[in-house]
Amino acid sequence: QCKASGRNRSLRFDPRQEMRAAEDLSLEQDLRRALNEDQLGIHYQPIIDCHSGEVVSLEALARWQHPRLGAISPERFVQLAEQYGFIAELDSWVTRRACQDLQRLGRPRLRVAVNCSALNLGNPRLPDAIADILADTALAAERLTVEITENALMNNLSAAVAVLESIRALGVKLSIDDFGTGYSSLAYLSRLPVDTLKVDRSFVRDLDSQANDRAIAAAIIAMAHKLDLKVIAEGVEQPTQQTFLTGNGCDMIQGYLFSRPLPLDGLTDWLAQRAALNVLDPQATATA
Ligand code: C2E
Ligand code: MG
Ligand code: MG
Ligand code: MG
(Lines give C-alpha, C1' and ligand atoms only; values in the text may rest on other atoms or scores of the structure.)
(Ligands and ions follow the chains in the order given, each with its own letter.)
Protein backbone atom coordinates (compact mmCIF):
# COMPACT_ATOMS: atom_id res chain seq x y z
CA GLN A 1 0.00 0.00 0.00
CA CYS A 2 2.57 2.52 1.14
CA LYS A 3 5.28 3.01 -1.50
CA ALA A 4 7.66 4.65 0.90
CA SER A 5 8.19 1.34 2.75
CA GLY A 6 10.47 0.11 -0.03
CA ARG A 7 13.65 1.72 -1.23
CA ASN A 8 12.74 5.18 -0.06
CA ARG A 9 12.01 4.23 3.51
CA SER A 10 13.28 7.56 4.77
CA LEU A 11 10.89 9.54 2.56
CA ARG A 12 7.54 10.36 3.96
CA PHE A 13 4.64 9.33 1.77
CA ASP A 14 2.82 12.31 0.37
CA PRO A 15 -0.23 11.18 -1.56
CA ARG A 16 -0.66 14.53 -3.28
CA GLN A 17 2.89 14.56 -4.56
CA GLU A 18 2.57 10.96 -5.67
CA MET A 19 -0.61 11.79 -7.57
CA ARG A 20 0.95 14.82 -9.19
CA ALA A 21 3.92 12.77 -10.36
CA ALA A 22 1.71 10.06 -11.86
CA GLU A 23 -0.47 12.72 -13.46
CA ASP A 24 2.59 14.45 -14.93
CA LEU A 25 3.83 11.20 -16.44
CA SER A 26 0.63 10.49 -18.27
CA LEU A 27 0.23 14.17 -19.23
CA GLU A 28 3.75 14.13 -20.58
CA GLN A 29 2.86 11.26 -22.88
CA ASP A 30 -0.36 12.95 -23.94
CA LEU A 31 1.55 16.15 -24.69
CA ARG A 32 4.13 14.34 -26.80
CA ARG A 33 1.30 12.73 -28.73
CA ALA A 34 -0.52 16.05 -29.16
CA LEU A 35 2.69 17.57 -30.50
CA ASN A 36 3.36 14.72 -32.92
CA GLU A 37 -0.21 14.60 -34.12
CA ASP A 38 -0.59 18.37 -34.57
CA GLN A 39 -3.24 18.66 -31.84
CA LEU A 40 -1.79 21.77 -30.25
CA GLY A 41 -3.17 25.14 -31.18
CA ILE A 42 -2.04 28.74 -31.21
CA HIS A 43 -3.89 31.84 -30.15
CA TYR A 44 -2.68 35.21 -31.38
CA GLN A 45 -2.75 38.43 -29.41
CA PRO A 46 -2.39 41.74 -31.28
CA ILE A 47 0.40 44.16 -30.35
CA ILE A 48 -0.50 47.78 -31.09
CA ASP A 49 1.73 50.73 -31.91
CA CYS A 50 1.01 53.40 -29.30
CA HIS A 51 1.40 56.30 -31.68
CA SER A 52 -0.26 55.14 -34.90
CA GLY A 53 -2.76 52.77 -33.29
CA GLU A 54 -1.78 50.26 -35.95
CA VAL A 55 -1.59 46.52 -35.22
CA VAL A 56 2.09 45.88 -35.82
CA SER A 57 2.61 42.38 -34.47
CA LEU A 58 0.93 39.27 -33.08
CA GLU A 59 2.16 37.21 -30.16
CA ALA A 60 1.74 33.49 -30.76
CA LEU A 61 0.65 31.70 -27.57
CA ALA A 62 0.48 27.90 -27.49
CA ARG A 63 -2.79 26.25 -26.51
CA TRP A 64 -3.56 22.67 -25.56
CA GLN A 65 -7.04 21.30 -25.32
CA HIS A 66 -6.66 17.92 -23.62
CA PRO A 67 -9.25 15.42 -24.87
CA ARG A 68 -10.34 14.50 -21.31
CA LEU A 69 -9.04 17.26 -19.04
CA GLY A 70 -9.91 20.28 -21.17
CA ALA A 71 -7.65 23.29 -21.52
CA ILE A 72 -4.25 22.93 -19.84
CA SER A 73 -2.45 26.21 -19.13
CA PRO A 74 0.69 26.95 -21.14
CA GLU A 75 2.61 27.49 -17.89
CA ARG A 76 1.87 23.88 -17.00
CA PHE A 77 2.62 22.20 -20.32
CA VAL A 78 5.63 24.38 -21.16
CA GLN A 79 7.11 23.34 -17.82
CA LEU A 80 6.38 19.68 -18.58
CA ALA A 81 8.07 19.95 -21.96
CA GLU A 82 11.07 21.63 -20.34
CA GLN A 83 11.28 18.98 -17.64
CA TYR A 84 11.00 16.04 -20.04
CA GLY A 85 13.34 17.46 -22.64
CA PHE A 86 11.12 18.29 -25.61
CA ILE A 87 10.68 22.04 -25.26
CA ALA A 88 12.80 22.56 -28.39
CA GLU A 89 10.26 20.53 -30.40
CA LEU A 90 7.34 22.39 -28.88
CA ASP A 91 8.80 25.84 -29.53
CA SER A 92 9.83 24.98 -33.05
CA TRP A 93 6.36 23.56 -33.77
CA VAL A 94 4.82 26.87 -32.62
CA THR A 95 7.35 28.91 -34.60
CA ARG A 96 6.73 27.00 -37.82
CA ARG A 97 2.97 27.17 -37.48
CA ALA A 98 3.08 30.88 -36.58
CA CYS A 99 5.20 31.68 -39.64
CA GLN A 100 2.78 29.71 -41.85
CA ASP A 101 -0.23 31.47 -40.32
CA LEU A 102 1.35 34.89 -40.80
CA GLN A 103 1.90 34.12 -44.50
CA ARG A 104 -1.69 32.98 -44.75
CA LEU A 105 -2.96 36.28 -43.29
CA GLY A 106 -1.38 38.06 -46.24
CA ARG A 107 -0.58 41.34 -44.47
CA PRO A 108 2.97 42.14 -45.44
CA ARG A 109 3.49 44.75 -42.72
CA LEU A 110 2.41 42.52 -39.86
CA ARG A 111 4.98 40.66 -37.75
CA VAL A 112 4.74 37.68 -35.41
CA ALA A 113 6.40 37.05 -32.03
CA VAL A 114 7.01 33.56 -30.64
CA ASN A 115 8.07 32.55 -27.15
CA CYS A 116 11.30 30.66 -26.71
CA SER A 117 12.16 28.87 -23.52
CA ALA A 118 15.57 30.07 -22.40
CA LEU A 119 16.52 26.38 -22.05
CA ASN A 120 16.67 26.34 -25.84
CA LEU A 121 19.44 28.92 -25.80
CA GLY A 122 21.76 26.18 -24.60
CA ASN A 123 21.29 24.52 -27.99
CA PRO A 124 23.80 25.78 -30.57
CA ARG A 125 21.63 24.35 -33.39
CA LEU A 126 18.74 26.72 -32.58
CA PRO A 127 19.76 29.42 -35.11
CA ASP A 128 19.85 26.81 -37.91
CA ALA A 129 16.45 25.46 -36.88
CA ILE A 130 15.00 28.97 -37.11
CA ALA A 131 16.71 29.60 -40.44
CA ASP A 132 15.17 26.37 -41.79
CA ILE A 133 11.68 27.45 -40.71
CA LEU A 134 12.10 30.86 -42.37
CA ALA A 135 13.33 29.22 -45.57
CA ASP A 136 10.53 26.61 -45.61
CA THR A 137 7.82 29.20 -45.01
CA ALA A 138 9.47 31.88 -47.19
CA LEU A 139 8.96 34.43 -44.42
CA ALA A 140 11.25 37.48 -44.29
CA ALA A 141 13.38 37.19 -41.16
CA GLU A 142 12.48 40.75 -40.07
CA ARG A 143 8.88 39.65 -39.63
CA LEU A 144 9.76 37.18 -36.86
CA THR A 145 10.51 38.15 -33.26
CA VAL A 146 11.72 35.67 -30.67
CA GLU A 147 10.75 36.46 -27.07
CA ILE A 148 12.98 35.12 -24.32
CA THR A 149 12.12 35.15 -20.66
CA GLU A 150 14.96 36.86 -18.91
CA ASN A 151 15.41 34.86 -15.72
CA ALA A 152 16.66 31.68 -17.36
CA LEU A 153 19.17 33.67 -19.38
CA MET A 154 21.38 33.93 -16.37
CA ASN A 155 22.44 30.28 -16.25
CA ASN A 156 24.98 30.40 -19.02
CA LEU A 157 25.14 33.93 -20.25
CA SER A 158 28.02 33.75 -22.70
CA ALA A 159 26.64 30.68 -24.49
CA ALA A 160 23.20 32.30 -24.62
CA VAL A 161 24.64 35.53 -26.02
CA ALA A 162 26.39 33.61 -28.80
CA VAL A 163 23.16 31.83 -29.79
CA LEU A 164 21.19 35.09 -29.63
CA GLU A 165 23.77 36.82 -31.82
CA SER A 166 23.47 34.10 -34.47
CA ILE A 167 19.68 34.36 -34.42
CA ARG A 168 19.89 38.12 -34.76
CA ALA A 169 22.38 37.78 -37.61
CA LEU A 170 19.57 36.08 -39.55
CA GLY A 171 17.61 39.33 -39.30
CA VAL A 172 15.21 37.99 -36.66
CA LYS A 173 14.27 40.46 -33.89
CA LEU A 174 14.80 39.58 -30.23
CA SER A 175 12.75 40.60 -27.25
CA ILE A 176 13.16 40.14 -23.49
CA ASP A 177 9.88 38.92 -22.04
CA ASP A 178 8.52 39.61 -18.55
CA PHE A 179 11.18 42.27 -18.02
CA GLY A 180 11.67 43.37 -14.45
CA THR A 181 10.81 40.06 -12.81
CA GLY A 182 12.99 37.19 -11.69
CA TYR A 183 16.72 37.72 -11.81
CA SER A 184 16.60 41.14 -13.45
CA SER A 185 20.07 42.42 -13.75
CA LEU A 186 20.93 45.67 -15.41
CA ALA A 187 24.52 44.51 -15.74
CA TYR A 188 23.71 41.89 -18.32
CA LEU A 189 20.98 43.85 -20.07
CA SER A 190 23.61 45.97 -21.77
CA ARG A 191 25.37 42.81 -23.02
CA LEU A 192 22.34 41.13 -24.55
CA PRO A 193 21.86 41.61 -28.28
CA VAL A 194 18.13 42.44 -28.15
CA ASP A 195 15.75 44.88 -29.84
CA THR A 196 12.80 45.10 -27.46
CA LEU A 197 11.88 44.89 -23.78
CA LYS A 198 8.47 43.70 -22.67
CA VAL A 199 7.49 45.32 -19.39
CA ASP A 200 5.98 42.61 -17.24
CA ARG A 201 2.27 42.69 -16.51
CA SER A 202 2.95 42.95 -12.77
CA PHE A 203 4.14 46.56 -13.25
CA VAL A 204 1.16 47.44 -15.44
CA ARG A 205 -1.62 45.95 -13.34
CA ASP A 206 -1.61 48.53 -10.52
CA LEU A 207 -0.45 51.62 -12.43
CA ASP A 208 -3.59 53.49 -11.42
CA SER A 209 -3.18 52.96 -7.70
CA GLN A 210 0.57 52.51 -7.15
CA ALA A 211 2.87 55.49 -7.56
CA ASN A 212 5.85 53.13 -7.24
CA ASP A 213 4.72 51.09 -10.21
CA ARG A 214 4.29 54.26 -12.23
CA ALA A 215 7.85 55.24 -11.33
CA ILE A 216 9.20 51.81 -12.28
CA ALA A 217 7.32 51.63 -15.57
CA ALA A 218 8.43 55.13 -16.57
CA ALA A 219 12.03 54.35 -15.58
CA ILE A 220 12.08 51.09 -17.58
CA ILE A 221 10.81 52.93 -20.65
CA ALA A 222 13.37 55.74 -20.29
CA MET A 223 16.23 53.32 -19.68
CA ALA A 224 15.24 51.11 -22.62
CA HIS A 225 15.19 54.11 -24.93
CA LYS A 226 18.64 55.18 -23.78
CA LEU A 227 19.84 51.68 -24.64
CA ASP A 228 18.18 52.04 -28.05
CA LEU A 229 15.55 49.42 -27.32
CA LYS A 230 11.83 49.53 -28.07
CA VAL A 231 9.35 48.90 -25.25
CA ILE A 232 6.17 46.84 -25.22
CA ALA A 233 3.88 46.90 -22.19
CA GLU A 234 1.92 43.68 -21.64
CA GLY A 235 -1.29 43.10 -19.74
CA VAL A 236 -2.87 46.48 -20.54
CA GLU A 237 -6.53 46.23 -19.54
CA GLN A 238 -7.56 49.82 -18.76
CA PRO A 239 -7.61 52.97 -20.91
CA THR A 240 -5.95 54.81 -17.99
CA GLN A 241 -3.00 52.39 -18.20
CA GLN A 242 -2.75 53.01 -21.92
CA THR A 243 -2.78 56.77 -21.37
CA PHE A 244 -0.04 56.61 -18.76
CA LEU A 245 2.18 54.31 -20.81
CA THR A 246 1.74 56.22 -24.06
CA GLY A 247 2.33 59.51 -22.23
CA ASN A 248 5.62 58.11 -20.96
CA GLY A 249 6.84 57.15 -24.40
CA CYS A 250 5.98 53.45 -24.46
CA ASP A 251 6.23 52.21 -28.08
CA MET A 252 3.75 49.34 -28.17
CA ILE A 253 1.07 47.82 -25.98
CA GLN A 254 -0.67 44.50 -25.72
CA GLY A 255 -3.53 43.40 -23.52
CA TYR A 256 -7.19 42.64 -23.03
CA LEU A 257 -7.99 46.34 -23.61
CA PHE A 258 -7.48 45.60 -27.30
CA SER A 259 -8.01 41.87 -27.50
CA ARG A 260 -7.55 38.59 -25.74
CA PRO A 261 -5.43 36.05 -27.58
CA LEU A 262 -7.62 34.73 -30.45
CA PRO A 263 -7.61 31.71 -32.73
CA LEU A 264 -6.60 32.57 -36.31
CA ASP A 265 -10.21 32.78 -37.56
CA GLY A 266 -11.24 35.08 -34.75
CA LEU A 267 -8.18 37.20 -35.33
CA THR A 268 -8.98 37.58 -39.03
CA ASP A 269 -12.45 38.86 -38.09
CA TRP A 270 -11.03 41.15 -35.42
CA LEU A 271 -8.53 42.67 -37.87
CA ALA A 272 -11.25 43.24 -40.49
CA GLN A 273 -13.56 44.84 -37.93
CA ARG A 274 -10.81 47.10 -36.70
CA ALA A 275 -9.93 48.17 -40.23
CA ALA A 276 -13.58 49.06 -40.87
CA LEU A 277 -13.74 51.09 -37.64
CA ASN A 278 -10.54 52.84 -38.55
CA VAL A 279 -12.04 54.08 -41.81
CA LEU A 280 -15.05 55.48 -39.98
CA ASP A 281 -13.22 57.07 -37.06
CA PRO A 282 -9.48 56.76 -36.52
CA GLN A 283 -9.84 57.90 -32.90
CA ALA A 284 -12.26 55.11 -32.07
CA THR A 285 -9.71 52.37 -32.69
CA ALA A 286 -7.71 53.28 -29.59
CA THR A 287 -10.38 51.85 -27.37
CA ALA A 288 -12.19 49.54 -29.83
P1 C2E B 1 3.92 35.61 -21.88
O2 C2E B 1 4.80 35.32 -23.04
O3 C2E B 1 4.35 36.70 -20.97
O4 C2E B 1 2.49 35.89 -22.51
C5 C2E B 1 1.56 36.80 -22.00
C6 C2E B 1 0.51 36.14 -21.17
O7 C2E B 1 -0.34 37.14 -20.60
C8 C2E B 1 -0.41 35.22 -21.97
O9 C2E B 1 -0.81 34.16 -21.11
C10 C2E B 1 -1.59 36.13 -22.27
O11 C2E B 1 -2.80 35.44 -22.52
C12 C2E B 1 -1.68 36.92 -20.98
N13 C2E B 1 -2.31 38.24 -21.16
C14 C2E B 1 -2.23 39.04 -22.24
N15 C2E B 1 -2.89 40.20 -22.04
C16 C2E B 1 -3.40 40.15 -20.80
C17 C2E B 1 -4.20 41.06 -20.00
O18 C2E B 1 -4.56 42.16 -20.41
N19 C2E B 1 -4.53 40.67 -18.75
C20 C2E B 1 -4.14 39.46 -18.25
N21 C2E B 1 -4.51 39.16 -17.01
N22 C2E B 1 -3.40 38.56 -18.97
C23 C2E B 1 -3.02 38.91 -20.23
P24 C2E B 1 -0.81 32.64 -21.58
O25 C2E B 1 -1.29 32.54 -22.99
O26 C2E B 1 -1.52 31.89 -20.51
O27 C2E B 1 0.73 32.25 -21.58
C28 C2E B 1 1.44 32.21 -20.39
C29 C2E B 1 2.92 32.05 -20.63
O30 C2E B 1 3.21 30.76 -21.19
C31 C2E B 1 3.49 33.05 -21.64
O32 C2E B 1 3.71 34.28 -20.99
C33 C2E B 1 4.76 32.34 -22.05
O34 C2E B 1 5.79 32.57 -21.11
C35 C2E B 1 4.37 30.87 -21.97
N36 C2E B 1 4.11 30.36 -23.33
C37 C2E B 1 2.96 30.43 -24.06
N38 C2E B 1 3.15 29.84 -25.28
C39 C2E B 1 4.43 29.40 -25.30
C40 C2E B 1 5.24 28.70 -26.29
O41 C2E B 1 4.83 28.38 -27.41
N42 C2E B 1 6.54 28.40 -25.91
C43 C2E B 1 7.06 28.77 -24.69
N44 C2E B 1 8.32 28.43 -24.42
N45 C2E B 1 6.32 29.42 -23.77
C46 C2E B 1 5.04 29.75 -24.07
MG1 MG C 1 5.73 36.28 -24.47
MG1 MG D 1 5.31 38.40 -21.29
MG1 MG E 1 4.41 36.34 -18.75
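A few points about this structure:
- Qualifying chymotrypsin sites (Phe, Trp or Tyr not before Pro) for segment 157-232 [loop in DSSP, other Cβ within 10 Å: at most 11]: Y183
- Here the Gaussian network model covers the chain, with springs between Cα atoms less than 10 Å apart; of S57, S158, S26, S26 fluctuates the most.
- Residue separation of L25 and A187 scaled by 0.36 nm, minus their Cα-Cα distance, works out to 54.4 nm of gained length.
- FRET efficiency for the A276 to L105 pair, using the beta carbon distance and R₀ = 25 Å, is estimated at 0.90.
- Loop chymotrypsin sites (Phe, Trp or Tyr not before Pro), segment 20-120 (other Cβ atoms within 10 Å of the site Cβ: 13 or fewer; DSSP): none
- The Cβ shell under 11 Å around V204 holds other residues with a net charge of -2, Lys and Arg each +1, Asp and Glu each -1.
- Taking the chain as the region of interest, the number of lysine pairs whose Cα atoms are within less than 22 Å, with members eight or more places apart or on different chains, is 5.
- Under the convention that each Lys and Arg Cβ holds +1 and each Asp and Glu Cβ holds -1, the size of the dipole of the chain around its Cα centre is about 500 debye.
- Of the listed residues T243, T137, the order by accessible area with a 1.4 Å probe, largest first, is T243, T137.
- Percent of C-alpha pairs per 5 Å bin in segment 234-283, short distances first: 5, 18, 20, 22, 23, 10, 1.
- Segment 12-118 - percent of accessible surface contributed by carbon and sulfur, probe 1.4 Å: 47 percent
- Of all DSSP beta bridges in the chain, antiparallel share, percent nearest 5: 40 percent
- Each pair of Cα atoms in the chain enters the Kirkwood radius, and Stokes-Einstein at 4 °C and 1.567 mPa s then converts it into a translational diffusion coefficient of 63 µm²/s.
- The solvent-accessible area of F244, taken with every protein chain present and a 1.4 Å probe, is close to 50 Å².
- Taking L192, L264, L277 as the candidate residues, the one with maximal mean-square fluctuation in a Gaussian network model of the chain, Cα springs under 10 Å, is L277.
- Qualifying trypsin sites (Lys or Arg not before Pro) in segment 21-97, where qualification requires a DSSP coil assignment and no more than 13 other C-beta atoms within 10 Å, comprise R68.
- Per residue value of the accessible surface for segment 13-73 (all protein chains in place, 1.4 Å probe), Å²: 55 Å²
The values are calculated or read from the model by the stated rules, or taken from the named source; none is laboratory data. Computed from a predicted structure; not experimentally measured. All Cβ positions, glycine included, derive from the backbone under ideal geometry; neighbour counts span all protein chains shown. Just so you know, the surface numbers come from the protein's heavy atoms only, side chains and all, with ligands and any DNA or RNA stripped out. Shrake-Rupley method; radii C 1.70, N 1.55, O 1.52, S 1.80 Å.
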